[in-house]
Amino acid sequence: MLFTQLASPARRAVCRSLPKYGSTVCIRTLRTAGNAKTDQALRRSHLYVPSSSDRMLDKSLSTPSDVIIYDLEDSVPPSPYDKDSARQRLSTFLSRTPEHKLPHPERIAVRLNDITTPFFENDISEILKSPLVRTLVLPKIHSARDLHHVSRAIRTSRARTSTLFPIRIIASVESARSVWNLGEIASWTSEYGADAGGKLGALLFAAEDYCAATSVVRTPSRLELLYVRSQITIAAKAFGLDAIDMVCVNYKDLNYLKDECEDGRRLGFNGKQAIHPSQVDVIHSTFVPTEKEIIRAAKILHQMEVAHSSQKGAFGLEMEGGGKEMIDAPMLKQAENIIRVAKAAGLEIPSVG
């Protein structure tokens, strides 16, 4: 029989029989809603909000998206007038909206126009005036040289302010050259140090731009993008970065979005971009462990503790449907990661014994 001891009356256990797992499990609810610091350990959804629309800016105040990307690039018409207007509109929105109504700074990101455009310098200079902006999404990063350019601009802009936190940079992978240079991009560090010149925090896959640049033909199967998506997650994880998967452009078909999210999670992505608020809930519910995964992880943690106390480094875990699988150190690490993500998402964690 499995049981749990509760540390406080506020934690209530609910025990239920789960025959398919071969045991009774006591579920302990560890809710973290309302704890901004804990919630932001997860960056599952990245919702784009056009900065050219006052209505969209106002609607962003109520979105549950983990990260809100206020966009100055693709969702804004290309004319200088429209670009300047969107930049000023966003600046005014961030400065005049009461701070308690705005998203937590850890949820705010701004996508600038790329470094080759005449808008980049004004974008970064104006946007970094706000102490609320702590993440920049940089499109069309083809090499470490591009990141150095961005870093110099960050250093110049921040020299006029007294803010101390480092600017988090999300590099957008959009071309064959980006993929060819993934190693140097992912390993990049600012020559000025993180506080002055920014710190790379994530790689983001811009699938449509990549297809336009490489003549790859998009299909619903996504097989033609398997290689590049895998390369992005490998490069990101090699250097401790988040990996953010592509936009699902079919925003009306939530079943297809669910399938694409599950695919991305299997490949190792931490989260996904969204272009419509209706996509956020599906992304949130998919880029977290399933109940089955959580229960299995909890069993592994408990039984490995028992194995270690008996001076054993591995044990056999009963499998659903019969048989046993050998559990050792790598699987223990996987289980620890699953429980960490589940806790950050406020999911129910089984306490087994």
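The values are calculated or read from the model by the stated rules, or taken from the named source; none is laboratory data. Every value quoted in this text rests on a predicted model; they were computed, and no experiment measured them. Neighbour counts run over all protein chains shown; Cβ positions are idealised from the backbone, glycine included. The area values use the complete protein model at the heavy-atom level, side chains included, leaving out ligands, DNA and RNA. Shrake-Rupley method; radii C 1.70, N 1.55, O 1.52, S 1.80 Å.
Of the chymotrypsin sites (Phe, Trp or Tyr not before Pro) found in region 50-132, none is in coil by DSSP with at most 12 other Cβ atoms within 10 Å of its Cβ. When you filter the trypsin sites (Lys or Arg not before Pro) in region 272-322 for DSSP loop state and at most 14 other Cβ atoms inside 10 Å of their Cβ, you are left with LYS312. Computed in the context of the full set of protein chains, the accessible area of the chain at 1.4 Å probe radius has 53% of its extent on carbon or sulfur. Tell me whether the chain comes out rounded, prolate or oblate; compute the Cα gyration tensor, take square roots of the eigenvalues as a ≥ b ≥ c, and use a/c under 1.5 as the rounded threshold. Prolate. Accessible surface calculations at 1.4 Å, restricted to protein heavy atoms, place the chain at 49 Å² per residue. Available extension along the chain between THR92 and ARG340 is 85.5 nm, counting 0.36 nm per residue and deducting the alpha carbon span.
Within region 105-179, the proportion of C-alpha pairs whose separation exceeds 20 Å stands at 26%. Springs between alpha-carbon pairs under 10 angstrom, Gaussian network model over the chain: which of ARG229, ARG168, ARG89 fluctuates most? The residue that fluctuates most here is ARG89. Annotation for region 266-326: GluC sites (Glu not before Pro) lying in DSSP loop with at most 15 further Cβ atoms inside 10 Å of their Cβ are GLU320. Both radii are taken from the alpha-carbon atoms of region 228-318; with Rh as the Kirkwood radius, Rg/Rh is 1.13. The eigenvalues of the Cα gyration tensor, multiplied by 5 and square-rooted, give region 146-224 an equivalent ellipsoid with semi-axes of 31, 11, 10 Å from largest to smallest. Got a sec? Which residues in region 163-178 would a label at ASP195 touch, if it sits 7 Å along Cα→Cβ and we count backbone N under 15 Å? Counting only backbone N, you get 163-167. When the chain is treated as a Gaussian network with alpha carbon springs shorter than 10 Å, the biggest mean-square fluctuation among THR92, THR135, THR63 belongs to THR92.
Remark: region 118-250 is approximated by an ellipsoid whose semi-axes, taken from the C-alpha gyration tensor as √(5λ), come to 28, 15, 13 Å, largest first. Taking θ as phi - 60° and the Karplus parameters 6.51, -1.76 and 1.60, the scalar couplings of region 204-217 work out to 10, 9, 9, 5, 5, 5, 4, 5, 5, 7, 10, 6, 5, 9 Hz in sequence order, x denoting glycine and proline.
Starting from one equal scatterer on each C-alpha and no solvent at all, send me the Debye-based log10 I(q)/I(0) for region 46-137 at q = 0.15, 0.23 Å⁻¹, two decimals. Relative scattering, expressed as log10 I(q)/I(0), comes to -0.48, -1.20.
Our coupling estimate for region 284-296, obtained by passing each phi through the Karplus curve with A = 6.51, B = -1.76, C = 1.60 and θ = phi - 60°, is 4, 6, 9, 8, 9, x, 7, 4, 4, 5, 5, 4, 4 Hz, Gly and Pro reported as x. Listed by chain and number, the aspartates and glutamates whose C-alpha is less than 20 Å from the C-alpha of LYS312, apart from same-chain residues fewer than 8 away, are GLU325, ASP328, GLU336. A Förster radius of 30 Å, combined with the Cβ-Cβ distance separating VAL216 from LYS59, puts the computed FRET efficiency at roughly 0.35. Helix content alone sets the calculated 222 nm mean residue ellipticity of the chain: runs of n ≥ 4 DSSP H residues at -39500 (n - 2.57) each, divided across all residues, give -12000 deg cm²/dmol. An oblate overall shape is assigned to region 209-281, the ratio a/c of its alpha-carbon gyration tensor axes (a ≥ b ≥ c) being 1.5 or greater and a/b not exceeding b/c.
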